[in-house]
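Please read the structure below before turning to the comments.
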């Protein structure tokens, strides 16, 4: 993130506002103090648990790049946020439970 002129905490906030959860994280040879790291950690196991595969990971990566590269354009963000929510709705956490409820079980 540092090469983009931002700290990991800045990226964490910008992405969080768009529905993409990451955490600030120190990276190898990071000289910043622990509370101001210049990297982020992306929790891909949470996405694969939902059933997302390579295509969805690529899309999430594109959204991350879009938000971080254009963080000064607020109109872009409502579009990204909407697309993130659409993807999340396509991969519900408890899909089997929802199917049982809708089937009357």
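Brief remarks on what is shown
- Based on the convex hull around the alpha carbon atoms, the range 22-79 presents an average projected area of 5.4 nm².
- Placing pseudo-labels 7 Å out from each Cα toward the beta carbon at residue 29 and residue 44 gives an inter-label distance of 2.3 nm.
- Whole-number Å³ per residue for the convex hull built on Cα positions in the chain: 116
- Percentage relative contact order, the range 2-103, counting C-alpha pairs under 8 Å, at least six apart: 27
- Net lengthening on full extension, residue 70/residue 55 (0.36 nm per residue, minus Cα-Cα): 3.2 nm
- Cα centroid separation - the range 26-94 against the range 1-25, whole Å: 9
Every read-out reported here was derived from the displayed coordinates using simple, explicitly stated rules and does not represent laboratory data. The structure displayed is predicted, hence computed values, not measured ones. Neighbour counts run over all protein chains shown; Cβ positions are idealised from the backbone, glycine included.
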